Amino acid sequence: MAFVLLLVVAVLLFQQGQSTLSLLVIAALIVLSAAVLGLAHIVRQVFRLPATLLQAGSDAVRGVFDWLGGILKPKVEIRTAILAGIRRFDDHGKLVVGSLRVDVLAQIVETSAIGTVLGQASAREVGVQYFIPLEKLTIENFRWSFTVDQGTGERGIAVYCQMPSPQVDEEFIAIDETGIETLSLGSGIQTINPWSGKNALTSKAKSQLKPRALEIAKRPECMFAAERMARGHIENLVHSVAVSLLQLSAGKVPPIAVLVQFSSAVGIPAFEKQRISEAVQPSDRSA
């Protein structure tokens with residue numbers, strides 16, 4: 001009963017801005033818990049109580065302290081640091097998350113009474129880039145919680161990232177001009193007609209390579225590949241930021257799991273959703 005009362009007093013003092021008094025009460029809680037654990041050890045030695053019973057009591061005490069730590073700890077510390085860490089990679093308001101290379105073919109056909117004319121241009125290994133707009137990111141895109149490994153009892157941290165879906169960077173379409181292949185054909189009289197306009201159609205087809213590359217980059221299969229790349233990139237980035245933060249603040253880094261979900265969830269198959277939901281087992285305490 002005394003333990004619960006001290007806990008309530010500490011929380012009320014903290015909420016009223018009495019941080020010094022709150023710290024004193026917390027110190028009293030630590031002393032009380034140490035006494036309880038020490039007494040439990042003595043009782044175990046004297047009365048040979050089952051270890052599982054005492055372990056349950058010890059876990060309950062630690063659970064209360066974890067809960068208390070979640071109340072007293074600033075809830076935006078990790079989220080603010082993650083957002084600041086991501087913004088360090090700002091490239092004109094963009095967080096570049098991956099790129100693909102696609103083969104592009106553009107054709108223009110004109111048909112008339114005297115035949116058909118074809119102008120064609122093709123390019124291989126055209127680079128398209130994907131990014132996440134940073135202006136859409138706030139600390140509300142991130143949350144974290146304590147986790148417990150059900151097998152070992154080891155405590156860790158899970159960071160959840162709800163991100164805008166990757167977008168195709170229309171300003172970045174990399175085409176090797178020297179590698180563009182062209183073709184112009186005519187049928188009927190247009191085969192020998194010097195004014196058929198075949199060369200003009202070929203030039204027009206070349207100008208359509210970039211728009212065509214954008215169309216390909218926005219296909220569902222390409223957007224799915226972009227999300228897979230973006231997920232891995234963001235997981236590594238957020239994990240690195242979280243590790244650096246915890247090393248500075250605590251000196252010891254617990255296991256950290258980073259889970260990324262996109263707002264559209266386009267193309268994410270069932271096995272991906274399963275991985276996201278089962279990667280960690282969060283405890284009831286979250287921030």
Consider Glu110 against the criteria (1) more than 20 Å from Phe172 (Cβ to Cβ); (2) without any contact (Cβ under 8 Å) to a residue 12 or more places away in the chain: it satisfies all of them except one. Which criterion is unmet?
-> (2)
When residues of the stretch 112-126 are filtered for being surrounded by fewer than 16 Cβ atoms within 10 Å (Cβ to Cβ) and closer than 26 Å to Arg231 by Cα, how many remain?
-> 1
Here are some conditions: (1) outside any strand (DSSP E or B); (2) farther than 20 Å from Leu245 by Cα. Ile86 meets all but one. Which one does it not meet?
-> (2)
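Please determine, by comparing only the residues of the stretch 226-283 that are part of a helix (DSSP H, G or I) and in contact with a helix residue (DSSP H, G or I) (Cβ under 6 Å, 6 or more places away or on another chain), which one is modelled with the highest pLDDT.
From the stretch 226-283, those part of a helix (DSSP H, G or I) are 226-249, 270-278; that's our starting set.
Next, from what is left, pick out any that are in contact with a helix residue (DSSP H, G or I) (Cβ under 6 Å, 6 or more places away or on another chain): 238, 241, 245.
Working: Val238: 93, Val241: 87, Leu245: 80.
So the residue we want is Val238.
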For the stretch 188-210, state whether one or more residues are assigned by TED's automatic domain parsing to the domain that holds Ile108, in a helix (DSSP H, G or I), modelled with pLDDT of 85 or more and aliphatic (A, V, I, L, M).
-> yes
Selection from the stretch 92-111 of residues that are surrounded by 12 or more Cβ atoms within 10 Å (Cβ to Cβ) and either under 24 Å from Thr202 (Cβ atoms) or charged (D, E, K, R) (or both) = Lys94, Val102, Val104, Leu105, Ala106, Gln107, Ile108, Val109, Glu110, Thr111
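The values are calculated or read from the model by the stated rules, or taken from the named source; none is laboratory data. None of these values were measured; they are calculated from a predicted model. Note: ideal-geometry Cβ built from the backbone for every residue, glycine included; neighbour counts use all protein chains shown.
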